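Here, each number is a calculation from the coordinates, and none is a lab measurement. Note that the structure is a prediction, hence the values are computed from the model and not measured. Ideal geometry is used to build each Cβ from the backbone, glycine not excepted, and the neighbour counts take in all protein chains shown.
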């Protein structure tokens, strides 16, 4: 397996669109071709090698002349929050981001894995279709949301957040799994259509706002608005299957075992049938 | 062939291609899992009149079931996929959905899928919800005892039905006791069921009848009370014959089941009253699978 390492080498005043750094875009390109890729930087285009030092593992003397024969793994070093669209449209391979990421991390992610070892800005996992996005720090607003104009957000895959998430996590989420080990902001699971969101920490106000379907799994009592209705305490056997499905991931959610939950349903304001499950201590 | 004084006829059982599925039923405890499974496999002795042949394959421990509750696995066989799908949906709706605390899961994986809870979900009247875990879709249907949990589909595979052997004994109690011993041993074999009551059938049939509307009728050659009236297969000392019919997912599964069943009978010896073991066939012209008793039992002898 080839590994390409991109080391950020200059201070960035503006955001850089890094969609071109996605592993499937780099297959069958030579190092020289990769260095010459034009990136959008503010209002201008600049060569990739003006922003990053590029290195390839097992490099030979003529490495710049030979094409990378398969989908390489990609490491982005010294990353900053000015790097937008990291891992966009990923269809295979693995990306490791050593530092922060900008907006739209894992945009339209289809398959493969992205591991961000820092924080990310808003719209992480936007329009995501599959694969795994693991953010080891905090993430901004609209995690798993939809890009402007679309009516469906994340439609598959798994997002793990070790830290906190901003407002409107899972907005218009259609399918998939988001697990947030820290806190989530206001309007968590707003306009949610289906899928599952879990939050181990606190959620902000208006959780499940205009929620249509799907599951918001909580361990801490939320402050819910009037149109989310309490359906009482229940033992739900399906939770054992859900917990088993968490076991494949590196997350604190694997410690959950209780099938005893308080079930809230809503949002009645939009005739919704979504559920907020508060796991009994 | 003689095993422990019991004669094994040089004949074979003739079996047919079928379609099969396996469903795992779980519940709060084994008692309710059995209630559900017994209802679902009730009136499923023969495809001739029941549509399917079904039975409980075995008990499952909490570590073997998808939801970690005690359960049982059911095998269901039919002559075609359409009948199997229809029977499965009917029986799921009337026997599993209705049974307190019961849940149903796919018990076999294959490219061919048939509906388990896919259409049953509409009982939820819009309150049903689905969950996708590890690529499998499950339906949660609100019911009066809580939630009915059901996987969306299960696998359907090619299988074999109609493996059999006959127990010929000097009395009815002797034949039945030997059949019971065989069934106890055969229950331990995976991938097979014995669909008749208690696993045993007393009314083995032949093809055709003197009556035009009947396409099967009593197997007079093995009826002890007709020994003097028809061309009999029975010697003077045989007073009762019992048949064990086996459906299985594969040829080897059925053969192994027959082997341990016959071996269990032979272990009883001469004192059991069993004189012969035979098998039912149609001359080898109807069913493509032939289970030759001598070949099967030579494994035991070896």
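Numbers at a glance
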{"read-out": "Helical contribution to [θ] at 222 nm, DSSP H n ≥ 4, -39,500 (n - 2.57), averaged over chain A, rounded to 500", "value": "-1500 deg cm²/dmol"}
{"read-out": "Computed lengthening from residue B:17 to residue B:172, 0.36 nm per intervening residue step minus Cα-Cα distance", "value": "52.6 nm"}
{"read-out": "Ellipticity estimate at 222 nm from DSSP helix runs (n ≥ 4, -39,500 (n - 2.57)) divided over chain B, nearest 500", "value": "-7000 deg cm²/dmol"}
{"read-out": "Crossing angle, helix B:172-186 versus chain B [Cα axis fit, 0-90 degrees, rounded to tens]", "value": "50"}
{"read-out": "Dimensions (Å) - the protein assembly as shown, Cα atoms, principal axes, largest first", "value": "107, 66, 43"}
{"read-out": "Order by protection proxy (mean Cβ within 10 Å, highest first), peptides B:59-68, A:124-133", "value": "A:124-133, B:59-68"}
{"read-out": "Base-10 log of normalised Debye intensity for chain B (one unit scatterer per alpha-carbon) at q = 0.08, 0.10, 0.13, 0.14 Å⁻¹", "value": "-0.39, -0.58, -0.90, -1.00"}
{"read-out": "C-alpha long axis of helix B:30-40 to longest principal axis of chain B, angle in °", "value": "70"}
{"read-out": "Relative contact order (%) - the stretch A:1-86, alpha-carbon pairs under 8 angstrom, separation at least six", "value": "54"}
{"read-out": "Volume per residue of the C-alpha convex hull in the stretch A:1-86, rounded to whole Å³", "value": "80"}
{"read-out": "Long-range tail of P(r) for the stretch B:144-184 (Cα pairs > 11 Å, %)", "value": "78"}
{"read-out": "Acute angle (nearest 10 degrees) that the helix B:81-91 long axis makes with the longest principal axis of chain B, alpha-carbon atoms", "value": "70"}
{"read-out": "Inter-chain shielding of A:230-237 (mean C-beta neighbours from other protein chains, 10 Å cut-off)", "value": "3"}
{"read-out": "Taking the stretch A:1-159 and dividing mean pair separation by its residue count, relative contact order in percent (alpha carbons under 8 Å, at least six apart)", "value": "19"}
{"read-out": "Highest-first arrangement of B:5-15, B:227-237, where packing means the average Cβ count within 10 Å", "value": "B:5-15, B:227-237"}
{"read-out": "Overall form of the stretch B:19-157 per C-alpha gyration tensor (a/c, 1.5; a/b vs b/c)", "value": "rounded"}
{"read-out": "Label-point separation, residue B:188 to residue B:210 (7 Å along Cα→Cβ), nm", "value": "4.7"}
{"read-out": "Cα pair count fraction exceeding 35 Å, expressed as % - chain A", "value": "22"}
{"read-out": "Cα gyration tensor, the stretch A:165-225 - rounded (a/c under 1.5), prolate or oblate", "value": "oblate"}
{"read-out": "Cα-based shape type of the stretch B:158-302, given that a ≥ b ≥ c are square roots of the gyration tensor eigenvalues and the cut on a/c is 1.5", "value": "oblate"}
{"read-out": "Packing-based ranking, highest mean first, of B:176-189, B:130-143, B:206-219 given that Cβ atoms within 10 Å are counted", "value": "B:176-189, B:130-143, B:206-219"}
{"read-out": "The stretch A:192-235: mean projected area of Cα convex hull, nm²", "value": "3.4"}
{"read-out": "Rg ratio (alpha-carbon, reference 2.2 N^0.38 Å) - the stretch A:119-189", "value": "0.93"}
